[in-house]
Amino acid sequence: MLETMTTSQKMTLAKDFLPINGTDHIELYVGNAKQAAHFYKTAFGFQSCAYSGPETGVKDRASYVLQQGKIRLVLTTPLKSEHPITAHIAKHGDGVKILALWVDDACKAYEETTSRGAKSYMEPTTLTDEHGEVKMSGIYTYGETVHLFVERKNYNGVFLPGYKEWKSSYAPESTGLLHVDHCVGNVGWNRMNPTIKWYEDVMGFVNILSFDDKQINTEYSALMSKVMSNGNGYVKFPINEPAEGKKKSQIEEYLDFYEGEGVQHIAVATNNIIDTVKALKSRGVEFLDAPPNAYYEDLIARVGKIDEDIAALQELGILVDCDEEGYLLQLFTKPVEDRPTLFFEIIQRKGAQSFGAGNFKALFESIEKEQAKRGNL
Ligand code: FE2
């Protein structure tokens, strides 16, 4: 029965005890938030939004909020060595700590998930300032990563209580990034199925797609991937696990360098991937190498007719794949840190709600080339 359903039909099987409106924000712990903020503005076209730190009465850390479309990134740096975030950065390097979800009821989200076995990160808490109140709660997911539930219907401030508007005279143009499409987690050996079950049981998500190591393998290594989605499809969390191959899986390389499970990539949507990727490249964002020419030669045979000029896609190395409902275009950056950990994906969907195995394979072949350059294959 499941095999004959479209992705949209599968999403209707998600349980409805945890309604989610979308991604609220993504918080990264970084070694130097001031400089990282400059990078995300310059290279990706994010805009200055809000700030909290010593000047706003927060003495132990500084946080910069950046916005583009509906995407909000929070970059946080601790100010002293004894801060717990310092230990987090020493272990994992710069990376995603919090995938915050926008909900209508943060207390109920906490009760529904913790009563189903989630480990608490933050009990329901109300933050207030002159702009209203925000309720938040949080639970741990894989590794040290956290899902925060944010209820902001009674708030009209710039981000959260405690933050002030960050005005900056430096405002590079947007690159056309619109919203978070999905965030991918890498988990350890034999941890895929427990993690999938956790998203089903604790969050009410549904498994909309599975790729096994027979479908995603290269000459040297393999991995498995399963995509979890909430009911409206606004929140998708693919999960990867390494698989046995002749050489080290790139998921293992991530786990080695992140020193644990964590977020592998953040996918952000555009409605014109050619213009967006051109803009990002011109600002110094580094992308994975284009797939071999043969990839484009049999493109139409593989995915059917597409609106875009294939030569333009090929020049930029953009990947195209399809599912039963349409097609999608994707391109992946190189890691945005020196550790081969977090990277970004640029995605444009044209009907497709899920992902295709062909792009997965092309992606992992490109990553493997980079892995070999680093001497970690
Ligand atoms: Fe992705």
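The values are calculated or read from the model by the stated rules, or taken from the named source; none is laboratory data. The structure displayed is predicted, hence computed values, not measured ones. Don't worry about glycine lacking a Cβ; one is built from the backbone with ideal geometry, like all the others, and counts go over all protein chains shown. Side chains are part of the model used for accessible areas, which takes the heavy atoms of the whole protein and leaves out ligands, DNA and RNA. Shrake-Rupley method; radii C 1.70, N 1.55, O 1.52, S 1.80 Å.
The table for this structure:
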{"item": "Residues satisfying the stated conditions in the range 337-362, i.e. more than 14 Å from the ligand (Cβ to nearest atom) and surrounded by fewer than 23 Cβ atoms within 10 Å (Cβ to Cβ)", "result": "Glu337, Asp338, Arg339, Pro340, Lys350, Gly351"}
{"item": "Entirely in the range 273-377, the helices (runs of 4 or more DSSP H) that have 1 or more residues that are of a type in the set (Val, Ile, Thr) and without any contact (Cβ under 8 Å) to a residue 24 or more places away in the chain", "result": "299-303, 310-316"}
{"item": "Conditions (1) farther than 29 Å from Tyr29 by Cα; (2) within 16 Å of the ligand (Cβ to nearest atom); (3) open to solvent by 20 Å² or more (accessible area, probe 1.4 Å); number of the one not met by Asn272", "result": "(2)"}
{"item": "Residue within the range 114-122 that is open to solvent by less than 40 Å² (accessible area, probe 1.4 Å), closer than 25 Å to Gln68 by Cα and modelled with pLDDT of 95 or more present", "result": "no"}
{"item": "Leu316 vs. criteria modelled with pLDDT of 95 or more and either closer than 17 Å to Val184 by Cβ or under 19 Å from the mean Cα position of the chain (by Cα) (or both)", "result": "no"}
{"item": "Complete set of residues in the range 133-155 that are charged (D, E, K, R), touching a strand residue (DSSP E or B) at 6+ places or on another chain (Cβ under 6 Å) and part of a loop (DSSP other than H, G, I, E, B)", "result": "Arg152"}
{"item": "Qualifying positions in the range 128-141 - open to solvent by 50 Å² or more (accessible area, probe 1.4 Å) and over 25 Å from the mean Cα position of the chain (by Cα)", "result": "Thr128, Glu130, His131, Glu133"}
{"item": "Filtered residue count, the range 297-307, keeping only those that are within 15 Å of Gln330 (Cα to Cα) and open to solvent by less than 30 Å² (accessible area, probe 1.4 Å)", "result": "3"}
{"item": "Filter result for Tyr163 (at pLDDT 95 or above, over 18 Å from Phe205 (Cβ atoms) and of a type in the set (Phe, Trp, Tyr))", "result": "yes"}
{"item": "Among (1) within 13 Å of the ligand (Cβ to nearest atom); (2) open to solvent by 30 Å² or more (accessible area, probe 1.4 Å) - the single one Glu286 does not satisfy", "result": "(1)"}
{"item": "Ala294 at pLDDT below 95 and more than 17 Å from the chain's Cα centre (by Cα)", "result": "yes"}
{"item": "Test result for Asp309, within 16 Å of the ligand (Cβ to nearest atom) and among the acidic types (Asp, Glu)", "result": "no"}
{"item": "Residues (buried (at least 17 other Cβ atoms within 10 Å of the Cβ) and charged (D, E, K, R)) located in the range 185-199", "result": "Arg191"}
{"item": "Those residues of the range 321-334 which are closer than 24 Å to Phe44 by Cβ and more than 14 Å from the ligand (Cβ to nearest atom), in sequence order", "result": "Lys334"}
{"item": "Number of the condition not met by Gln9 [criteria: (1) of a type outside the set (Gly, Ala, Ser); (2) in contact (Cβ under 8 Å) with a residue 24 or more places away in the chain; (3) open to solvent by 20 Å² or more (accessible area, probe 1.4 Å)]", "result": "(2)"}
{"item": "Residue ranges of strands (runs of 3 or more DSSP E) in the range 1-94 with at least 3 members over 18 Å from the mean Cα position of the chain (by Cα)", "result": "47-52, 61-68"}
